[in-house]
Amino acid sequence: HTGLFLEMCGHENITPVMYSVLSCLAQNGPLDQTRMAKAVAIDRTNTTDILGRLRKRGLITSRFLATDRRVRITTLTAEGSAVLERVDPLAEVAHSRTLDGLSETERATFIALMAQLTAAHKVA
């Protein structure tokens, strides 16, 4: 899937994990790093690196909570939203091509299982 994603979306210089972070912010709104890491199912160290790269590109902004300077809240920028608008349809093609080898029944089962896994990691 990573190869197909990069083939379809590589021109945007975005990895599948970066796409997941941007999508997560678009779906959930501003998040702190701990909740982001849980939602995207990556460790905090990788989250820090990915958020730093996205921040440098202007796709996200971060600010510290006034009540707790240890907590940084990340928000999707207008440019981040624009990248998602361009990448979403291409990512969908990559997702579809990833499942090309499965029958309709197998696809439905796979998607149901992935939805179950996703729900288990949903941001509260």
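Points worth noting:
- Complete set of residues in the range 80-124 that are surrounded by 10 or more Cβ atoms within 10 Å (Cβ to Cβ), more than 24 Å from PRO30 (Cβ to Cβ) and polar (S, T, N, Q): SER96, THR98, THR109
- Checking each residue in the range 36-68 for being open to solvent by less than 60 Å² (accessible area, probe 1.4 Å), hydrophobic (A, V, I, L, M, F, W, C) and in contact (Cβ under 8 Å) with a residue 12 or more places away in the chain picks out MET36, ALA39, VAL40, ILE42, ILE50, LEU51, LEU54, LEU59, ILE60, LEU65.
- Residue in the range 47-65 that is over 16 Å from SER20 (Cβ atoms), outside any helix (DSSP H, G or I) and of a type in the set (Lys, Arg) present: yes
- Applying the condition of being in a helix (DSSP H, G or I) and in contact (Cβ under 8 Å) with a residue 60 or more places away in the chain to the range 19-35 and asking which residue is most open to solvent (accessible area, probe 1.4 Å) yields ARG35.
The values are calculated or read from the model by the stated rules, or taken from the named source; none is laboratory data. What you are looking at is a predicted structure, and each value in this text was computed from that prediction instead of being measured. Cβ: placed from backbone, ideal geometry, glycine included. Neighbour counts: every protein chain shown. To get the accessible areas, we keep the full protein, side chains included, count just its heavy atoms, and leave off ligands, DNA and RNA. Shrake-Rupley method; radii C 1.70, N 1.55, O 1.52, S 1.80 Å.
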